[in-house]
Every structure is written in structure tokens, then in C-alpha cells.
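Remarks on the structure that follows.
The values are calculated or read from the model by the stated rules, or taken from the named source; none is laboratory data. Treat the numbers as computed from the prediction; the structure is a model and nothing was measured. Positions of Cβ are generated from backbone atoms using ideal geometry, with glycine treated the same way; all protein chains shown enter the neighbour counts.
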Amino acid sequence: MTTFRGALLIAVALLTACARPVDPPSAPRSEPSVTPPATESAAAHRVRLPPTTGSFDYQLGGAGDIPGLAVVVRDASARPMPGAYSVCYLNGFQTQPGDGDSWLHNHGEAVLRDAHGSPVRDPDWPDEYVLDPSTAAKRSIILGVLTPVLSACADKGFDAIDLDNFDTFKRFSDATTGHIDEAGAVELARSFTALAHDRGLAVAQKNAAEAAEIGRRTIGFDFVVAEECAAYLECDHYRQAYGPHVLQIEYTDNLSGSFRDVCATADRAPLTILRDRRLVAPGSAGYVREQCP
């Protein structure tokens, strides 16, 4: 026979069980096409990615407002294009043409040196010195010079930065001619990305297809600006890491076939264009711009 106290305890237990909230069934989730990086910050969630449809131009040699452009990349010295997703070019791992002497005189310890102590130039761009991100002290110097440039991109109203020459650690790997430490390059890229995200700017990985997974997962890059990935059979590396968020540029002087052939490949980016090598301004002699349909 149940006592009054026992009955009371049973009743309380039943009421507590009934009052406990029941978790609703989980709704099905669609998986994102791009795996977010493990180091993604809260600020990164506030950045806006470029559209994957519409027209696109790469205007480093001269800006021009082409009617209807959806995405445009311009030098940091230019202004964003009204109405277009505008990407600000930032040479984060080499000096800009014309700035080399200033770097040597004022920040020479952050310039890469060869085995003889001579500053290293990019052989393809001999008016650019290669920067050396191998130590925290050197990275601090580089960031001290270029953070104001990055901040100016945000202040002007750009949506993202195109962080150029991240691939120097791939191109300069011999101590005799100048060696870039991969770990240092990754740390510098992480610092640039954190600064950009804090200012509301998305960050594009520039080239270095072999490092696409590192760029996406470790550094936290948001999308890609890929030059000549069709010419070098690299486009699939970017597609696997970043999905459709790739801006692809091919050049007229380095096509293995026709541009139509490029457009027909399965791994080309949704926004793929053909440009003249000098990237001259619209309307200038030699200007070429075609886009895959």
C-alpha cells in the first residue's frame, strides 16, 4: 500500500517529467559547397563574397567603368566601381613597382636576401623586390607598411582584397638565390586576413593552387583570384577548396588552345575571362577582354 508521502513523491516526479522540454526533431541541413576553415573568425562571417554570375573584369593596368560589371578587381590606388563588387589589389609579399628604393632604405631588413646578401628581385617583375616574412619581427615591419594600404581599401568602399604573391614561398625556395619560409608566409597571410576581416573585407587567395586547402582551412581565405589556372591545369584545385567562388583570368599570350576551349572545360570558374597581359585600361590600344558565357 502506497503511503501519502510516497504518492506525493511519485506525483512530483511525473509532473517534472511532463514539464521537461522535448527537443524538436532536427531539420535537415544542406551542406555548404565550401568547407569553412577551422580558424574562421566571427568577423569573417560578416564579409560578403563576390557573386558567381554576371560580368567580370581584372583592371590592374587601368580602371574603366564598363556598364553592367558585377565584379571588378582594381589597384589599391584606384577607386571602387559604383554598383559592382570591387576587389582591391594588395601586393602583400613583394614591393610595388616604384617602391623598391623606399623599402631598401627604410625597411631593408624585411627584403629577402640571397646567399651574398643582395636583395632579391622577382625575375618576372624585376622592378619588384621580394619581401621576407620568415620572422615575427620582419612580418611586423611588412604589416606596419601595408596595413594602412589595406585600411584605405576599406575606407574607399572596396568589398575585398586580392592578396598578391602569396606564392613566393613556392617560387623562392633556394637559399642561394633567396629562400622564403612557408610557415612565415602562412603566418603573414593569416595576419593580413585577420586585419581585412576586422575591417569587413573578404580576402582572395592569389594563385598558389597547391596551397588551396591551406589557404582555405588554415589561413581563412574566402575566395580565389586565379591567373592562368587553365593554362597550368590547376583550376580543379581551387574548385575543390572554394567551390564556385573563383575569379579566373587567362591571358592571350598563354593559351594552349582557344578561349572557347577554356570555356568548355568542366573545372573552369563561373566567372572566367580572357585579358591582355598588360591589363591595359578599357579603350586603350591592345585591350582585350572576353568572358565565358
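Please go through the range 84-108 and pick out each residue that is part of a strand (DSSP E or B) and aliphatic (A, V, I, L, M). Answer for the range 84-108, where residues must be part of a strand (DSSP E or B) and aliphatic (A, V, I, L, M): V87, L90.
In the range 160-173, what count of residues is obtained for those that are within 11 Å of the chain's Cα centre (by Cα) and either assigned to a strand (DSSP E or B) or modelled with pLDDT under 95 (or both)? Total satisfying the criteria: 5. Just to check your reading of the model, which residue among A70, A115 is part of a strand (DSSP E or B), over 26 Å from S191 (Cβ atoms) and of a type in the set (G, A, S)? After applying the criteria, what remains is A70.
Of the residues making up the range 130-147, none is more than 30 Å from R48 (Cα to Cα), of a type in the set (K, R), out of contact with any His (no Cβ under 6 Å at 6 or more places or on another chain) and surrounded by fewer than 18 Cβ atoms within 10 Å (Cβ to Cβ).
The requirement of being in contact with a His (Cβ under 8 Å, 6 or more places away or on another chain), over 30 Å from A264 (Cβ atoms), β-branched (V, I, T) and assigned to a helix (DSSP H, G or I) is fulfilled nowhere in the range 194-213; no residue meets it. Within the range 233-243, is there a residue that is closer than 25 Å to C88 by Cα, without any contact (Cβ under 8 Å) to a residue 40 or more places away in the chain and not in a helix (DSSP H, G or I)? Among the residues of the range 233-243, at least one is closer than 25 Å to C88 by Cα, without any contact (Cβ under 8 Å) to a residue 40 or more places away in the chain and not in a helix (DSSP H, G or I), which makes the answer yes.
Selection of the range 251-293 for residues being small (G, A, S) and part of a loop (DSSP other than H, G, I, E, B) yields S256, G257, S258, A266, A269, A281, G283, S284, A285, G286.
For first residues located in the range 168-183 and within 19 Å of I219 (Cβ to Cβ), partners that are charged (D, E, K, R) and lie 6+ apart or on another chain with Cβ distances below 6 Å form the pairs F169/E182.
If only residues of the range 137-159 that are in contact (Cβ under 8 Å) with a residue 60 or more places away in the chain and assigned to a helix (DSSP H, G or I) are counted, the one that is farthest from G108 (Cα to Cα) is K156.
Selection over the range 71-100 of residues that are touching a residue at least 40 places away in the same chain (Cβ under 8 Å), out of contact with any Phe, Trp or Tyr (no Cβ under 6 Å at 6 or more places or on another chain) and farther than 26 Å from D122 by Cβ gives a count of 2.
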